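Undergrad: Dumping the structure here so I can ask a few things about it.
The values are calculated or read from the model by the stated rules, or taken from the named source; none is laboratory data. Just so it is clear, the structure is predicted and the values come from calculations on it, not from any experiment. Every residue, glycine among them, receives a Cβ derived from its backbone with ideal geometry; neighbour counts consider all protein chains shown. What goes into the accessible areas is simple: the full protein's heavy atoms, side chains included, and nothing from ligands, DNA or RNA. Shrake-Rupley method; radii C 1.70, N 1.55, O 1.52, S 1.80 Å.
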Amino acid sequence: SKLRLFVTLIVLYKRFLIPSYLFLIVWFLLQTYDLILEDGSNNVAYATHIFGFVLGTIVAMAWKELAVDTDRKIDELKEEIL
């Protein structure tokens, strides 16, 4: 999927589309950069964002791998009823 972004500066207005994976990579790198270079006051927030992103990615991959094929299950149930 793609994200529609727009950038506004005082004299510039620009809209463009970028792939969502590119946005996620940039977001993740910015969070990591801020975690490493912050003075320590907001490190918990940055670490939580990073941990949530990583954990969400792992759960989504596991869900996709272990999910039940619902279309096949519905067909099986229909056959049992008939």
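Undergrad: Of the residues in segment 21-46, how many are within 16 Å of the chain's Cα centre (by Cα) and at pLDDT 85 or above?
TA: Selection size over segment 21-46: 12.
Undergrad: Out of all the residues in segment 48-69, which are aliphatic (A, V, I, L, M), open to solvent by less than 90 Å² (accessible area, probe 1.4 Å) and modelled with pLDDT of 85 or more?
TA: Ile50, Val54, Leu55, Val59, Ala60, Ala62
Undergrad: Another question, if that's okay. Only one residue in Phe23, Phe6 is part of a helix (DSSP H, G or I) and in contact with a strand residue (DSSP E or B) (Cβ under 7 Å, 6 or more places away or on another chain). Which one?
TA: The conditions single out Phe23.
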